[in-house]
Amino acid sequence: MMRKVCVIVTIWVLSLCPHLIDGQGKKFACSFNSQEAASIGFLPEYVPMEICTHVIFKWFRFPRFVGRQMLFDDNDKIAFSRLVTSVRQRSSTGRVVASIDGTGSEYSSASGTNVRRRAFVQAASTLLLELDADAIELNWERPGNENSGKGIATDRLTMVTLLQDLRQVVNAASSLIKGRPRELWIRGSIHPNLISSSYNTFDVCDLVDQVTLDTTSGLGSLSHAPIYSRSVTLPNFGSFAGNVINMGDGLTWIDNGCPPKKVLLGVGLHGFLKTASSSGRGFFGNDFFSWGAGDGKRMAYRELCQSFGQRGWSFGWDQQGLTPYATRSFFNGQSERLSYEDVNSLRYKMDLVEQKRLGGVYADYIHSDDIYGTCGQAYPLSGYIASRLQAIPSDIGFAIEWN
C-alpha cells in the first residue's frame, strides 16, 4: 500500500511540470525490462511518460524457427502488449520501441540467407502490425568476426541487406495510418575498431532512424566508459588487447557519415560493483578490469543510494572517467569498489549531447533510478536528463545537417 502511495505522489509531482521534452526534438528513450521491473513491483503504468518520449521494451528474445516461420516468445508478446496499452492510455505522444535481442551468431544466421532473412523480417513485421510497436530496434551484439566480434565476416554486408528489407516493412507500416510514422533503430558499439570492421556506418545510418550507442558496458567486463578523449586501456580480450576506448569513440559513427541527430547516447542508471582482496589504487583501465574475480555486478541506483547509508563507504571522483566511485573494506580483508552515475557525472554526458547536437539519450533502465524517492527526490537521474534535454536549444538555425 505504501509503495502505491509513493508511486501516486511521484506521478503527481512529475505532472506539475510541463512535458519536458515535447517539441524540443530531443528523444529521451527510457528502457523497460519487464522481468526486472516485475520483480520490484514496478508496473508498466509507473513509467513516467511525463519525462520519457520513448519507452524501449527489453527484450524480445530472438525469434525461434517453427517450420519455416520465425516466432517470438508468447510471454514477451504479452508483456509488450501490456506496456503498449499503458503508454497509449497515458500519453498521446509517447512511443514504444520493440527491441529484439540477439547474439552475433543468431543475427548472422538470420541475415545470411534469403529464406531466414524473409522469415525474420516477417516476424519483425508482426511487432508493428499486430502488437502496435512504434519502432523496432535490432540489438545485434558484436557483429563480424574481427576485433572480438561474435558473428561472421559477411555481417557487414548482410546487415545492410537485412536493414533494407526491414526499411520496406517499416515504410509500409507507416503508410497505413496518416501521421503515424514507424521507425527502425539499431544498437551500436562504441569501440572504434568494431565500428570500422563490422558496420557499414554510411549505409546503416541511411537506413535507420536512430543508432543507440551502448556506452555503459565494457567488452568482456563491466565499467562506465570515460568520455571525450580520455582513454581507458582495455584488458586482453582477443584482438582488443592494447586498444583504448572512451565514450567519444562512439562519435566515430558521426565521423563515418551518421547524422548526429540519429545518434542517441546511452546512459546507465546503475553502478558496477566489484569485490577483491587486492588494494590496488587504479579504478578505470587495466586496474579496474583486473581488480577482483570475474565481471562486476550491476547495481541499480535505487539500491546503491540506499547502500551508501551504511557505514564504511569512502567516496571519490575519478578524473579520467569523470564519474564518482565508492570503496569500502571489510574485516576479512575483502574490499568493494563501486562505479556509478550521479547528477555530477551526467552533467558531462549531457554537455556532450548538447555540444555534438546528438539526437538525445536512452537510459538503462528507468526503474533502476530512485523511483520511489527513497534517498530523496524521486527519479533524480532521469529527471535531470529530461530537464537538460528540454533546455537544449532547437537545432533550427544551425547549419543544415545530413538527413
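See the values below:
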{"read-out": "Selection from the stretch 92-115 of residues that are more than 22 Å from the chain's Cα centre (by Cα) and in contact (Cβ under 8 Å) with a residue 24 or more places away in the chain", "value": "Ala110, Ser111, Gly112, Val115"}
{"read-out": "Yes/no for Phe57 being part of a strand (DSSP E or B) and crowded, with 21+ Cβ neighbours inside 10 Å", "value": "yes"}
{"read-out": "Any hit, the stretch 241-253, residues being open to solvent by 10 Å² or more (accessible area, probe 1.4 Å), among the β-branched types (Val, Ile, Thr), modelled with pLDDT of 65 or more and out of contact with any Leu (no Cβ under 7 Å at 6 or more places or on another chain)", "value": "yes"}
{"read-out": "Strands (runs of 3 or more DSSP E) wholly inside the stretch 312-370 containing at least 2 residues that are touching a Leu at 6+ places or on another chain (Cβ under 6 Å), hydrophobic (A, V, I, L, M, F, W, C) and surrounded by 18 or more Cβ atoms within 10 Å (Cβ to Cβ)", "value": "360-364"}
{"read-out": "Residues located in the stretch 340-394, provided they are touching a Gly at 6+ places or on another chain (Cβ under 6 Å) and under 15 Å from Thr323 (Cβ atoms)", "value": "Tyr340"}
{"read-out": "Check on Leu131, part of a loop (DSSP other than H, G, I, E, B), more than 30 Å from Leu194 (Cα to Cα) and aliphatic (A, V, I, L, M)", "value": "yes"}
{"read-out": "Among residues of the stretch 371-387, those that are assigned to a helix (DSSP H, G or I) and of a type in the set (Phe, Trp, Tyr), counted", "value": "1"}
{"read-out": "Count - residues of the stretch 103-128 that are in contact with a Phe, Trp or Tyr (Cβ under 8 Å, 6 or more places away or on another chain) and crowded, with 21+ Cβ neighbours inside 10 Å", "value": "4"}
{"read-out": "The one condition in (1) open to solvent by 20 Å² or more (accessible area, probe 1.4 Å); (2) among the small types (Gly, Ala, Ser); (3) more than 30 Å from Gln35 (Cα to Cα) that Ser387 fails to fulfil", "value": "(3)"}
{"read-out": "Residue in the stretch 73-96 that is among the β-branched types (Val, Ile, Thr), open to solvent by less than 10 Å² (accessible area, probe 1.4 Å), closer than 24 Å to Gly188 by Cβ and out of contact with any Lys or Arg (no Cβ under 9 Å at 6 or more places or on another chain) present", "value": "no"}
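Conditions (1) buried (at least 18 other Cβ atoms within 10 Å of the Cβ); (2) among the charged types (D, E, K, R); (3) out of contact with any strand residue (DSSP E or B) (no Cβ under 7 Å at 6 or more places or on another chain); (4) within 19 Å of Asp214 (Cα to Cα), marked per residue:
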position: Asn139; (1), (2), (3), (4): yes, no, no, yes
position: Pro143; (1), (2), (3), (4): yes, no, yes, yes
position: Thr158; (1), (2), (3), (4): yes, no, yes, no
position: Asn171; (1), (2), (3), (4): no, no, yes, no
position: Ser174; (1), (2), (3), (4): no, no, yes, no
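The values are calculated or read from the model by the stated rules, or taken from the named source; none is laboratory data. Values in this document were obtained by computation on a predicted structure and should not be read as measured data. No Cβ is skipped: glycine too gets one built from the backbone with ideal geometry, and neighbour counts run over all protein chains shown. Side chains are part of the model used for accessible areas, which takes the heavy atoms of the whole protein and leaves out ligands, DNA and RNA. Shrake-Rupley method; radii C 1.70, N 1.55, O 1.52, S 1.80 Å.
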